[in-house]
Every structure is written in C-alpha cells, then in structure tokens.
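Please treat every number below as a calculation from the coordinates, not as lab data. Model, not experiment: these values are computed from the prediction. Please note: Cβ atoms are built from the backbone with ideal geometry, for glycine as well, and neighbour counts cover all protein chains shown.
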Amino acid sequence: MASFFVGVPRFQYVGPDFLVYRANYFSQNELQYRCLILPQGFSTQSLSFLISGFTDVDIYAQASTFFADGYETSSGAMAFGLYCLAVNPDVQAKVRDEVDSVLKKHDGQLTFDAIQEMTYLDMALSEALRMYPPAMAMIKLCTKPFKLPTPSGGTYEVEVGTPVVLPLYAIHCDPQHFPDPKRYDPERFSEGNKQSRHRYSYLPFGEGPRMCLGAITVIISR
Ligand code: HEM
C-alpha cells in the first residue's frame, strides 16, 4: 500500500514536505500533539513505542488512505442522503418530526444518546446508502482456495492470488434481497426487515476484518 501511494504523483509531492512540517511542529508542541492523537495517560515513551518500526512512507500512506477513504465517501453519502430527502418530501417530514421530538426530549442537545433515538433518520440514511453506496465495489485478493457456489448449483474454484470483485451496487439492487430496488423506501431498514435479509446483502461499509474503519464515526455523525 505504501508503495502505491508513493507512486501517486500528488501524494509523492505533498507527503514528504508534510511529514517534515508536522515533525517540526510536534516537537515544539508535543503536548498538543499528544492531545490530538493519543488517549489521556499515554506517555512520550509509549508514543515512541507506537511509532517505532514505521517508516515515514508507512505513516504518510496511512494518513493519505484515511483522507482518501474518509473524505469522498462521506461527502457522497451526505449529498445522496440529502438528495433522497429532497425528492421524497414525505420521508423528509417524518425525519424532521423525529429530530424535533427527540431534541425536545434532550433539551435541544444533539448528544450521542439523542442520535441513538433517531431510528427513522437512521433508516432513511441507510436506504440512501443502499441506493447510492459511495464505494460501488470492493476488490479483494483470494488468500485461501475457495469453492464458490454457482447459481446453477455447481462450484467454481477460486485459486489463491485471484482478484475478486464484490459488486456492492449490484448486490444492493438485487430484487431478490430488495424488491423494487429503484424505489426509495426507508422501511426496508425497520428492525424486522433487517433481520429477515441475508447478512451480506447490505454492505455499504464492507464486512470482516478489513471493514471500513470509519463506519462507527459515520453512523454517529449522521
Ligand atoms: C459514508 C461514509 C463511508 C463509506 C460508505 C465507507 C465505505 C468503505 C468501504 C466499502 C470500505 C472497504 C471495506 C472492505 O474492503 O471490506 C472502506 C474502507 C475504509 N474506510 Fe471507509 N467509508 C466511509 C467513511 C470513512 C471515514 C469517515 C473514514 C475515516 C475516518 C474511513 C476510513 C476507511 C479506512 C481507513 C478503510 C480501509 C480499511 C482497511 O483496509 O483495513 N471511511 N470504507
């Protein structure tokens, strides 16, 4: 991954300068640095332990992937979420009523607990992520031999080293899982409907050990 980002001209240009700038900045403002990235109680010693073994390239590859993975996806999700509400005024009114009544109960404070209670908002945005998943597909590399069941009842042997594309958008639009898939319908994400579907029929954040690291942040902030 690091070599990939080094190969991207823009990051190659910005990356090293950025690291030098941050390194100088942090040595003068160590306290601020620790507050930004480390939980309370971490010492400078544990900081050097954390970063030992990583090269500059490793660090800026991680920083740039956070930027690339977190920025465009979130802005796309927000844009399409708002679009869905704009063209479905009935859903928009229901979302607004829910937000108003939950905020009233929480003295107008948009806290974590208040957001947890906005279940219809969650359904409305989940449906927008179904119809317009910012990551349209994921590409994985097969690391163990696998027999993939085929629709005709046979199996297809996937060999180690084979790139495998998981077409998220196509899965989200499969009428077998989501009847009338082009229709925007937040009710698809009621607790009952969610439970009755295949676990992997809805994957806007991927699944498994490489699942989106920002998923929880996104769910809270929406
Ligand atoms: C609506 C917003 C977002 C969507 C739809 C989204 C979607 C995804 C998807 C589909 C993947 C691939 C998962 C896989 O391969 O199994 C992914 C990976 C990732 N996402 Fe997000 N993402 C979003 C926001 C964010 C944010 C805000 C951050 C950072 C704060 C972030 C950080 C990452 C990282 C670091 C990975 C790579 C994880 C790994 O390879 O181990 N994402 N995201």
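What the pair-distance distribution of region 108-208 shows, using all Cα-Cα distances binned every 10 Å from zero, is 13, 36, 29, 16, 5, 1 percent. The label point for T150 and the one for T65, both projected 7 Å from the Cα toward the Cβ, are 3.4 nm apart. Stretching the chain fully between S75 and Q176 yields a gain of 33.4 nm (0.36 nm per residue, less the alpha carbon separation). Label positions at L141 and S201, each projected 7 Å from the Cα along the C-beta direction, are separated by 3.3 nm.
Potential lengthening of the chain between K105 and E157 amounts to 13.1 nm, from the contour at 0.36 nm per residue minus the alpha-carbon distance.
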